[in-house]
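Data first, discussion second: the structure below is written as structure tokens.
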Amino acid sequence: MQVDLFTQVLVPVIGGLGIFMLGLEFMSNGIQALAVNRMRDLLGRFAGTPVKGVLAGTLITGIIQSSTAMSVMVVGMVNAGVVGLRPAISVIMGANIGTTLGNGLIALPLGPLGLLFGGIFALVYIFAKSEKMKNIALACMGFALIFYGLNLMTGGLRPLRAMPEVMSVISGLRADSFMGLLICVGTAAFITALIHSSSATIGIVMGLGSAGVLDWQTAVAFSLGADLGTTITSWMASLNLSRNAKRAAYAHISFNIIGVLITIPLFFISMDVLRWAMGWFGGDPGVPVVINGRETFPLVPVAVGLYSTFFNIFNTALLFPFTGVFERVLSRVGRDASEDEEDYSVPKYLQAEMFGNLPVAVPALQQEIDRYLQGSALYLDSARGAPNAPKDLDEHHLALDTLSRDTRTFASRLFVPGMPHAHADLVASLIEEADFAASVGETLHQTARRVKREQFSPDARELVDAALDNIGNALRSVLPGAAPSAGRTESRDQDLLDLRARCLRLGDAVKPAERGAILTLLGSAERASLLIARLDAERRSVPRLVTEAGGEARDPSFSSAAPVPAE
């Protein structure tokens, strides 16, 4: 039988692949638009231990249907300090299990109905008024298009069986020997790395298997390679991020590589087990079924989905006890002395157990605000080029921003129903204090950025250093152990006026851009002085010692413990 390569193969295969991948994109985008922010918050809140991390990774990936998106999300959250390295490793383990739910759904024989339901939900999407309904329709439309695209690919790939030239090439890709297995796994890993989607690779493999172009055992081997190739995206996402973010990506890569290396020697034994297990799902996947006069293999997608699920569950169960070992090994990757510096992305004094115990929580919160201000003072060191300055200004800013958010979240959770007015007034004052501290930090960050991106002549640099000293003196008045600052604010304001006058007297001795930068810097110094004065006044506005019912005010000491997760 003569095969029209263009109309019978290329059109349905390329069109089906495009519709399949578009369906994946629509489904992922719709679900993520509905729930990704909530999922990110849940992940940051619940992924505190390895067990919870696996459960959170499985659940969230099962919902958003993208282990790649999940892995990239985890890498970003590790970079921001929201999730630690150890729970991140377990989240990635869970993500590999969660994504197999989609592979199982793809295996369902719903292809002919895909176009019908895709059209119905497309109409819903077009005429829906609310954004929520549009996102639901988008996700459902994507889900339907996945099946329609797979159905098109299967039909387009079936004629290849009648082409000896094609079958002679594909016959070389057979997982009937150990070397053939390695070639199949490597080929699938390469394809997945190129298209950044293990689900798309598995969809293609299911189509080839259903059409009888690939035998069922080779199709299963390809699904093993897809799990390996999907690690490339999280690695690429981590390239310009922090060391811990890179380590989370390395965990994803090493986890899947180890799993594949362990599974490959057991592959042929597992095929016998899979053939037996398929008896519960319809029979032997290698036996063809004639539908409308055409020979097809509808159980191959079921076998691929079942094996992919089993592989990831087995891999997680096998490696989960070694989560601590992964963390210790990966923590040594790229380690240098700078990692011994304080991590400002994680609260040091705040503990969840303090909620409801205001006499303990208040001084803890004050210490954390002071710690934030001490971290902010490092911006000035960065502007001066001091040796102890943070090496990456943006990374330091990200860490302090995370600390500020967690501090303010902790403060807001101190409100409890029926609390005395004096206690409520104190909590409100602490929230304002934390907010003023955050404003001071942002101002100092902008100051450091302005100084570092401008080249100053010696005369101009002298004024810059004087302005930085002015800010540093003002900041020291609110740092721990500061002496009373009465009468000093007016002196610092006069110093800024004198610096402004000196800047104007420089005339043509400096470039206009330098003079503008200095005047902008003096404006930032004045703003920082005002914010610091307001912060100091807020601290004095409400007494910071809490009187317990029936007791005396106390100022307890406390130890560092697990940080409070951000809301």
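The values are calculated or read from the model by the stated rules, or taken from the named source; none is laboratory data. What you are looking at is a predicted structure, and each value in this text was computed from that prediction instead of being measured. For neighbour counting, all protein chains shown are included, and Cβ atoms are generated from backbone atoms with ideal geometry for every residue, glycine included. Ligands, DNA and RNA are excluded from the accessible area calculation, which covers all protein heavy atoms including side chains. Shrake-Rupley method; radii C 1.70, N 1.55, O 1.52, S 1.80 Å.
Take the conditions (1) in a helix (DSSP H, G or I); (2) modelled with pLDDT of 85 or more; (3) surrounded by fewer than 17 Cβ atoms within 10 Å (Cβ to Cβ); (4) of a type outside the set (F, W, Y); K134 misses just one of them, which is (3). Is the stretch 506-523 home to any residue that is under 26 Å from R408 (Cα atoms) and not aliphatic (A, V, I, L, M)? Taking every residue of the stretch 506-523 in turn, none turns out to be under 26 Å from R408 (Cα atoms) and not aliphatic (A, V, I, L, M). Taken together, A377, A303, A383, A361 contain a single residue that is touching a Lys or Arg at 6+ places or on another chain (Cβ under 7 Å), open to solvent by less than 30 Å² (accessible area, probe 1.4 Å), at pLDDT 85 or above and in a helix (DSSP H, G or I), which is A383. Can A467 be described as free of Cβ contacts under 8 Å to residues at least 60 places away in the same chain and open to solvent by less than 10 Å² (accessible area, probe 1.4 Å)? In short, yes.
Restricting the stretch 429-444 to residues that are in contact (Cβ under 8 Å) with a residue 40 or more places away in the chain and among the hydrophobic types (A, V, I, L, M, F, W, C) leaves a set whose member that is nearest to T402 (Cα to Cα) is A438.
Is one or more of the residues making up the stretch 260-277 β-branched (V, I, T), modelled with pLDDT under 85 and either within 25 Å of G203 (Cβ to Cβ) or open to solvent by 40 Å² or more (accessible area, probe 1.4 Å) (or both)? Checking the stretch 260-277: not a single residue is β-branched (V, I, T), modelled with pLDDT under 85 and either within 25 Å of G203 (Cβ to Cβ) or open to solvent by 40 Å² or more (accessible area, probe 1.4 Å) (or both).
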